[in-house]
Structure formats: C-alpha cells, structure tokens
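Worksheet for the structure shown next.
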C-alpha cells in the first residue's frame, strides 16, 4: 500500500524525524490560504507547491493540460513582493495543477489526476543526499541504503556508479547500531553537527521501518541545510499489505482514487487482479500459473489483457466476480480460463463459470482448460450447460485456441 | 532415497482450524504419519479423522482409515509425547511466525509453513531466530513437500504424483502441480517435490534444495521453477554451473509482468530493472539449464536435459 508524500511526512514528523513545515490543500482557496501562515511560521518567503500523486518524477513531470507547468514548483515571488505576491503565484499555479493530469516518467503516458497539493516552506540546501530503508532479500533483513547522489534516481546511480551507494544491514534483534549510523555519516562525508543530526535521523528512520511495517522508506533528497540541519525534503513510504491489519491509522490514509477501480474491486473480493494492455482475458488459479499463462499467451503471439489469480480456494461467487471484472474491460476479445485444481476443485470452477455467464452474458469466445481434482465432473458441468465453450487439454493448446478464436 | 521427508517422518500439525483439519485429513488419507496436533484452544480434546484411503499414496494400506489425533497446547509438549520430528504450519498470518519459532524452539528438524500472508517483518524476526538452530524451514506461502508414496506434508493434490526419479523445486504452487503432472504422464515421476514459497523472506532456498537433490542417489535430474523478483534463480544458476553434475531443466514465470506491479505473490515484483524473467532465463541457460519456453514444455525440457 502506498500513501502520499504529505502523509509520509506526517508519519515521520510524529516520530521526531525532521521534515519541512507544510500544509495540504484540496482546493485553490486552501492553497492560497496556506501561504501566509506558512511564511510567517517558517520565516522563509520561499514556498514550494507540490502535486500529490502516488508516483515519482514529479519535479520533471508536466501537466497535459498545461505543458509549461511542472509537478513541483519553487515559488520565489515572496522574496521581493512579500506574502501577497507568493499568494498570487500559488493561486495561479494551483489552478493549473488541481483537477489536471500530471505526466511523469513513472505514471506512463496516461498520467495521473492531481486532486491534492502540498505547500511547503523553502529550505536553504547545502547538500542533497539519498537515504532509503528496504528489504535485502538475499539477507532476509532490512537494510539502509545511502548515497551522496541525492535528487537522482537511485536506479541510475546503481547503474552508473554503484560504488557511491552505501549499504548497511539492520539486525532485527538490535536495530541499527550507533556505529553503523556513524559509518554511514562518515561514508557520506558528514562532519560536526550535520553528522550528529544525520545519525539521529537514520536511527529514527530505521526504527520507523520496523514499527510501521514499511516495504520502502525512501528520502530523496535528504538535505543538509546551510546551518547543519538534516531534513527529509521528499518522503516516500509504501507498506507491507500483509501487516496492515495492525495499522488502522495507516489504512485510513489510503487514497482509493489513486488505485485502479477494477483492481480495488478484485481485492475486496479476495482476488488478485492487474490490468494490462492486451486483448486476451485470463482467469487462473495460483500466482505462478497466472503469470505463466500470460507468458504463454504472449509466446503464441497474443497479448494478455490482465493478470488474475483466483487463489487456492475460490468459491463459485468469486469466479463470477472475476468473470465480471474481466468482461468489463472493453479491450477483451477472448477469455482463457486455466485451472489446475489442487485444493481448488474443477467442478467449483465450472459451476462458477456457468453461473457467471448466466449472469453477465458472454460476447467473446471462451476457452477453458481444466486439470486436476474433479476434472471429469467439471468438464461435464460445462458440457451440460450448453455454453459455447472450447476445451483445451494443455495450457499451450488453450493459449493457441483462444488466440485463433479471438482474432 | 528422497530428500527432506520419507515414510519415517513423524509430523505434527500446528493450527487445526478449518484449513488445517481439511489438509490433515488428506495427508492421513495419503498415508503420512500425522502424529499430533497443536492448537491452544483444543488442548486435550483430540480430533477424529476417518475416510477412504487415497490409494495414490503410501501402498499396502486398508481401504479406510480412522485416526484419533491427540491435540496439545504447545509444540514442546506434543514433541515430548509423540517424538514428532517435523511440523506443518496452518496457523493464521498474525501468529504464524510465532508458530515457526515455537517449532524451532522445540527442536524440530523440519518446519513446513503453508500460511500465506505473513508480514515480512515477522518473517525477518523468525529467520533471525532460526539462525544457529537445527531447524530447516520450508516456506512460508508454499504448497509444502511431498515424497510420493511415502509422505505428503502440505496442500498439494496427492494423486498427480508418482514415485520416480526427478526432483522438483519451485516458488509457485500450481506451477509445481503442472510440472509434477507432466513428469507423471511422461513416466519420469518424482523423488521429492518441494515448494519453497512465493514470499520475499523464506526459509530453504533453491540452492539448498539443489544441493540435497545432487546428493540424493535416487534423483537423476531436477526441475527448478522460478519467477520474477529477487535473485534466487540467478544464485541457483551459479550453483548448477559450479556444483551440479545432474541435468537440470527449468522454467521462469513472469516474462510479461509489467515492472513495479506485484504479481499475486508478495515476492513477485520487478523493481528498478532487477528481478526480470529475461535475466533469470539467461542466467539459467548459461549455466546449462534446459529452460522450457512455456509451462506446458517443462516435462519435455526435463527429457531433453536427461539426454
């Protein structure tokens, strides 16, 4: 699960991690109204207006409706013109940002609708660093990743100058030790107050990762100010879905408008669905088999319209929901059901398919491959239903048949 | 021979809710020596299992079975009373990592964790706890381990298996069934099939299983089934190249998976250009693994690898 930057910063601030002062705005009026108190509180006439979407690359991203406007804007009008000038500029920009589509390197061409803005105080930056806490799968532990190359995509740093990335693993029994924080500070070339502040910062972020069940905390850039303070200028947090049952406060931060409606509907039905760009809808049991089914469709020359895993113990109702989700996608020209029943019985799937077609209708070809527990019974149910279904004996044969029928 | 489990394996079940009871019944029907259950709220009550024998399982048994399974409040007590050496965990996600640690504390040799959806942070702690202990963890979020005709621990359908000469190790449940089914149809059969699970933090990995299969006299070849995310397949490929004398076939799921999206399994995600199917397939091919183009070709790939 992902949250917005301003929400991540709220969580950080609550844990004593320094972040810039800021205010969230859902309307142009709210954005304008936030300017004066922010300037007064921070003492800095410079403010920064940031679009809040669940994707990175906002600083370089532009709005489709206003190509000259970027996703992050530093507003310096207040230096010469006072708060009134800053207010005017913020109002102008907010009007171009809110309700419009921000396209960044991470959103894809379709971009993302901006409905929230975050107004922050300006910061006098001396250095920009990179800091993240994430899982090191090969060690089965979280690690801290840090780099002197702040403000740059870490993937790019990893490719071009991997020696610039410092890694320290966190022992779950003791957390990040002080000597490790010191090693990182030293490795980043920090001295004096900045080094001390950084150590406190990285220790707090490491604790937050464990306490909040984050999948990723990424602070890019982490800035050192002219007066030696260490502040999270940006903040990204994503969370382990499996642990959200113990964090209702974080679940409340969920912004469902950022998520795909079909994916959300699937999730609430206990299905795992991801929409893709192709034309062959897939309904499969098991994540590995679902991926392999997509791969096989591609291998025989088709394009999968989705990933859909109905799980190990799906009911007829879930199969119906799955069917509804797939048929709602207007790109779908054919449906391939691929089931290897282990715990999942083929007769349950067959009943679900028959019921689903009865309820939602079937306007595209359907190929069904059933194998495993109660396969004979499953085939019989489909046969007796009189549905127009093409049977397949193997995954590959099924993929070939649905491609042939749908083109 | 086989790896990890055989007819002498004595198994206790942790978590006897609806799912745990269902699969315990199937395992007993198959002929697995299920000797005890652990379920705090059922302490001392015991559970009765009866039904028709699954004849695809352990040979030479009666047509029906009837078992009164003793249930204990703690693993420690269950081990002391029954001498169990292995456990299977069906405990729900919030307490599953704790159940794994409890099994390790009781000195079990093998813990097979079926539970899907355990928080990563809990598994990080559980793995740390397992360091330096004798316990081998399989899973979590896996179908389990089966040595056909001897012992079935987990949720896989028994009847698709056949005792034979190929080892199977996989991150995916249903793809394991796909491979096993093909090996059975080709009359190659399996020595042992191991599902290592689809989570980013798990116990036994590909390399551990490959090493066991390499040392197992009966195993003549191995199928390894991987998927996108992490670098376990690349590490397995390195091991195949440097340490394995036996032929290996493989398949990697997720060639078409879009980056940044989690494909069902928590561990199946391509991020920052790492963990792609293409990189894994290339690493395997370079190590001499015969990689199947589609999952329908896994059995054939094994035949080709065997030569």
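What the table below lists for this structure:
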{"item": "Index of the failed condition, residue B:302 passing every other in (1) at pLDDT 95 or above; (2) under 30 Å from residue A:2 (Cα atoms)", "result": "(2)"}
{"item": "Some residue of region B:240-249 being within 18 Å of residue B:152 (Cβ to Cβ) and touching a residue at least 12 places away in the same chain (Cβ under 8 Å)", "result": "no"}
{"item": "Any hit, region A:153-166, residues being within 13 Å of chain B (Cβ to nearest Cβ), in contact with a helix residue (DSSP H, G or I) (Cβ under 8 Å, 6 or more places away or on another chain) and at pLDDT 95 or above", "result": "no"}
{"item": "Total residues in region B:242-281, condition at pLDDT below 75, more than 7 Å from chain A (Cβ to nearest Cβ) and either in contact with a strand residue (DSSP E or B) (Cβ under 6 Å, 6 or more places away or on another chain) or surrounded by fewer than 24 Cβ atoms within 10 Å (Cβ to Cβ) (or both)", "result": "6"}
{"item": "Test: residue in region A:49-59 that is surrounded by fewer than 17 Cβ atoms within 10 Å (Cβ to Cβ), in contact (Cβ under 8 Å) with a residue 40 or more places away in the chain and part of a loop (DSSP other than H, G, I, E, B)", "result": "yes"}
{"item": "Strands (runs of 3 or more DSSP E) enclosed by region A:72-128 - at least 3 residues per element that are over 18 Å from residue A:62 (Cβ atoms)", "result": "A:117-121"}
{"item": "Close pairs (6 angstrom Cβ cut-off, 6 or more residues apart or separate chains): more than 8 Å from chain B (Cβ to nearest Cβ) and at negative phi in region A:281-309, assigned to a loop (DSSP other than H, G, I, E, B) and buried (at least 24 other Cβ atoms within 10 Å of the Cβ) anywhere", "result": "A:281/A:305"}
{"item": "Meets criteria (assigned to a loop (DSSP other than H, G, I, E, B) and closer than 27 Å to residue A:106 by Cα) for residue A:218", "result": "no"}
{"item": "Of all residues in region B:171-187 being modelled with pLDDT of 95 or more and outside any helix (DSSP H, G or I), the one that is farthest from residue B:227 (Cα to Cα)", "result": "B:187"}
{"item": "Yes/no for residue A:90 being assigned by TED's automatic domain parsing to the domain that holds residue A:189 and in contact with a strand residue (DSSP E or B) (Cβ under 7 Å, 6 or more places away or on another chain)", "result": "no"}
{"item": "Residues of region A:25-48 that turn out to be surrounded by fewer than 16 Cβ atoms within 10 Å (Cβ to Cβ) and outside any helix (DSSP H, G or I), as a count", "result": "3"}
{"item": "Search result, residues across region A:168-189 that are away from chain B (no Cβ under 14 Å), outside any helix (DSSP H, G or I) and in contact with a strand residue (DSSP E or B) (Cβ under 7 Å, 6 or more places away or on another chain)", "result": "A:168, A:188"}
{"item": "Any hit, region A:260-273, residues being under 16 Å from the mean Cα position of the chain (by Cα) and assigned to a strand (DSSP E or B)", "result": "yes"}
{"item": "Residues that are at the interface with chain B (Cβ under 9 Å from one of its Cβ atoms) and farther than 16 Å from residue A:313 by Cβ, drawn from region A:263-276", "result": "A:274, A:276"}
{"item": "Single match in B:214, B:218 (criterion: outside any helix (DSSP H, G or I) and surrounded by fewer than 24 Cβ atoms within 10 Å (Cβ to Cβ))", "result": "B:218"}
{"item": "Which listed residue is crowded, with 24+ Cβ neighbours inside 10 Å, in a strand (DSSP E or B) and away from chain A (no Cβ under 13 Å), from B:166, B:146", "result": "B:166"}
{"item": "Filter result for the condition that a residue is under 30 Å from residue A:32 (Cα atoms) and in contact (Cβ under 8 Å) with a residue 12 or more places away in the chain, over A:124, A:136, A:171", "result": "A:124"}
{"item": "Matching residues in region A:274-293 - criterion: being buried (at least 24 other Cβ atoms within 10 Å of the Cβ) and either outside the structural domain of residue A:363 (by TED's automatic domain parsing) or under 22 Å from the mean Cα position of the chain (by Cα) (or both)", "result": "A:287, A:288, A:290, A:291"}
{"item": "Among the residues listed as A:321, A:327, A:351, the single one being more than 26 Å from residue A:278 (Cα to Cα) and either part of a loop (DSSP other than H, G, I, E, B) or in contact (Cβ under 8 Å) with a residue 12 or more places away in the chain (or both)", "result": "A:351"}
{"item": "Residue check, residue A:339 buried (at least 18 other Cβ atoms within 10 Å of the Cβ) and more than 14 Å from every other protein chain (Cβ to nearest Cβ)", "result": "no"}
{"item": "Tally, over region A:363-407, of residues that are more than 12 Å from chain B (Cβ to nearest Cβ), part of a loop (DSSP other than H, G, I, E, B) and over 27 Å from residue B:293 (Cβ atoms)", "result": "4"}
{"item": "Matching residues, region B:169-179, being more than 21 Å from residue B:14 (Cβ to Cβ) and within 10 Å of another protein chain (Cβ to nearest Cβ)", "result": "B:170, B:171, B:172, B:174, B:175, B:176, B:177, B:178"}
{"item": "Selected residue [surrounded by 21 or more Cβ atoms within 10 Å (Cβ to Cβ), touching a strand residue (DSSP E or B) at 6+ places or on another chain (Cβ under 9 Å) and assigned by TED's automatic domain parsing to the domain that holds residue B:39] from B:106, B:86, B:73, B:66", "result": "B:86"}
{"item": "Region B:117-126, subset in contact (Cβ under 8 Å) with a residue 40 or more places away in the chain and either over 17 Å from the mean Cα position of the chain (by Cα) or more than 7 Å from chain A (Cβ to nearest Cβ) (or both), residue nearest to residue A:170 (Cα to Cα)", "result": "B:124"}
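Residue by residue, here is whether (1) closer than 21 Å to residue A:174 by Cβ; (2) buried (at least 22 other Cβ atoms within 10 Å of the Cβ); (3) in contact (Cβ under 8 Å) with a residue 12 or more places away in the chain; (4) in contact with a strand residue (DSSP E or B) (Cβ under 8 Å, 6 or more places away or on another chain) holds:
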{"residue": "A:203", "(1), (2), (3), (4)": "yes, no, yes, yes"}
{"residue": "A:209", "(1), (2), (3), (4)": "yes, yes, yes, yes"}
{"residue": "A:216", "(1), (2), (3), (4)": "no, no, yes, yes"}
{"residue": "A:219", "(1), (2), (3), (4)": "no, yes, yes, yes"}
{"residue": "A:222", "(1), (2), (3), (4)": "no, yes, yes, yes"}
{"residue": "A:225", "(1), (2), (3), (4)": "no, no, yes, yes"}
{"residue": "A:236", "(1), (2), (3), (4)": "no, no, yes, yes"}
{"residue": "A:241", "(1), (2), (3), (4)": "no, no, yes, no"}
{"residue": "A:244", "(1), (2), (3), (4)": "no, no, yes, no"}
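The values are calculated or read from the model by the stated rules, or taken from the named source; none is laboratory data. Note that the structure is predicted; figures quoted are calculated from it, not measured. As a convention, Cβ positions derive from the backbone with ideal geometry for all residues, glycine included, and neighbour counts pool all protein chains shown.
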